[in-house]
1. So which residues in the stretch 57-76 are farther than 13 Å from Val110 by Cα, over 16 Å from the mean Cα position of the chain (by Cα) and part of a loop (DSSP other than H, G, I, E, B), if there are any at all?
2. If you go through the stretch 50-73, how many residues are buried (at least 17 other Cβ atoms within 10 Å of the Cβ) and of a type in the set (S, T, N, Q)?
3. Quick check, is Asp179 touching a strand residue (DSSP E or B) at 6+ places or on another chain (Cβ under 9 Å), modelled with pLDDT of 95 or more, surrounded by fewer than 21 Cβ atoms within 10 Å (Cβ to Cβ) and among the charged types (D, E, K, R)?
4. Among the residues of the stretch 216-246, which ones are surrounded by 15 or more Cβ atoms within 10 Å (Cβ to Cβ) and in a helix (DSSP H, G or I)?
5. Can you pull out the residues in the stretch 17-47 that are touching a helix residue (DSSP H, G or I) at 6+ places or on another chain (Cβ under 7 Å) and free of Cβ contacts under 8 Å to residues at least 24 places away in the same chain?
6. Provide a single number: the residues in the stretch 98-123 that are in contact (Cβ under 8 Å) with a residue 40 or more places away in the chain and of a type in the set (Gly, Ala, Ser).
7. Scan the stretch 113-130 and give yes if some residue there is among the polar types (S, T, N, Q), at pLDDT 95 or above, part of a helix (DSSP H, G or I) and closer than 20 Å to Val44 by Cβ, otherwise no.
8. Starting from the stretch 241-254, take each residue that is within 15 Å of Glu288 (Cα to Cα) and list its partners that are in a helix (DSSP H, G or I) and of a type outside the set (Gly, Ala, Ser), counting only C-beta distances under 6 angstrom and pairs at least six apart or across chains.
Amino acid sequence: MVSHSENSRYPSYLALEKAEFSRRIEQLRSMLENCHLCPRDCGVNRRGGERGYCRAGDKLEISSYGAHFGEEDVLVGQGGSGTIFLTWCNLRCCFCQNWEISLLGQGQVVSPEEAAGIMLNLQQRGCHNINLVTPTHFTPQLIEAIYLAAEEGLSLPVVWNCGGYESVPVLKLLKGIVDIYMPDMKYSRGETARLLSSAEDYVERCKESLREMHRQVGDLLVVNGLARRGLLIRHLVLPGHVEESLEILEFIAQEISPHSYVNVMAQYRPCGRVPASLSRPVSLSEYEQVISRAASLGLVRGLR
């Protein structure tokens, strides 16, 4: 478990030396030339005009931003979570509720300078954090934007709100920049991940990513009702997949931390081109089975 006393300055990027910050931005930028920002490793030259499996190119694309009051209580507080929804995604979840953004590319090109301005605007509006939604495929541009915003006075923790399909080498470059990791853990079985998200290796990559995130920031630290630093895990219960939900909870409790903050979500609804097995909502009985198991494992911090 990471001791939060090791880094008492929040957000941690304020303590990162400028030269090191710049070095990491350049290293991340170089990854776009033979793109391996995520486990897809599709190898396209995004700096040369090609688009990756995620359909993203070299330019940052943002769908929308604003104060969001529908996130976890520890992110929302009184002023809301400063969410920035990024266009495209490195997953292909057939049930995605934001499919217009993730699959159709609804959004517009924004420069790192403009993105920095958005972050500062959210801070001025009283938001408690900068919540980057589906950021993985735009990691270099977003880290540059954080650097520029910090130069102009940004002092909010950054939330890395991702699908859990991350590259550990890239995550290591985020150490000391991201204070709050908020990944999904969607599946416990590769076949399900292949069928529903076109990512057969999702389970392995997600597990190693959660281990690295927890190694960096530890369990979620909440001060005066607000998250300051740490790992917050989301899991959406899917109809007919209770066994996988239980396996995910057991992995978290046994291999990440029994003090993990886990938000077990029940808001699945049929959306997009889902298979027949997902054509209904989650039943109350299914959800209660998962909640009961979370409680029995001691994973009660995120239960409402």
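1. Phe69, the sole residue that qualifies.
2. Summing the residues that are buried (at least 17 other Cβ atoms within 10 Å of the Cβ) and of a type in the set (S, T, N, Q) in the stretch 50-73 gives 1.
3. Values: touching a strand residue (DSSP E or B) at 6+ places or on another chain (Cβ under 9 Å): yes; modelled with pLDDT of 95 or more: yes; surrounded by fewer than 21 Cβ atoms within 10 Å (Cβ to Cβ): no; among the charged types (D, E, K, R): yes.
Answer is no for this residue.
4. Scanning the stretch 216-246 gives Gln216, Val217, Val242, Glu244, Ser245, Leu246.
5. Residues satisfying the conditions are Glu33, Cys35, Gly43, Asn45, Arg46, Arg47.
6. Number satisfying all stated conditions: 4.
7. Of the stretch 113-130, the ones among the polar types (S, T, N, Q) are 121, 123-124, 129.
Within this subset, residues satisfying the condition of being at pLDDT 95 or above are 121, 123-124, 129.
Of the ones still in play, those that are also part of a helix (DSSP H, G or I) are 121, 123-124.
This time we only want the ones that are closer than 20 Å to Val44 by Cβ, so: none.
Within the stretch 113-130, not a single residue is among the polar types (S, T, N, Q), at pLDDT 95 or above, part of a helix (DSSP H, G or I) and closer than 20 Å to Val44 by Cβ.
8. Hits for this filter: Val242/Glu286; Val242/Gln289; Ser245/Val290; Leu246/Arg293; Leu249/Arg293.
The values are calculated or read from the model by the stated rules, or taken from the named source; none is laboratory data. Predicted model, so just to flag it, every value in this text is computed and none were measured. Cβ sites come from the backbone with ideal geometry, for glycine too, and all protein chains shown count toward neighbours.
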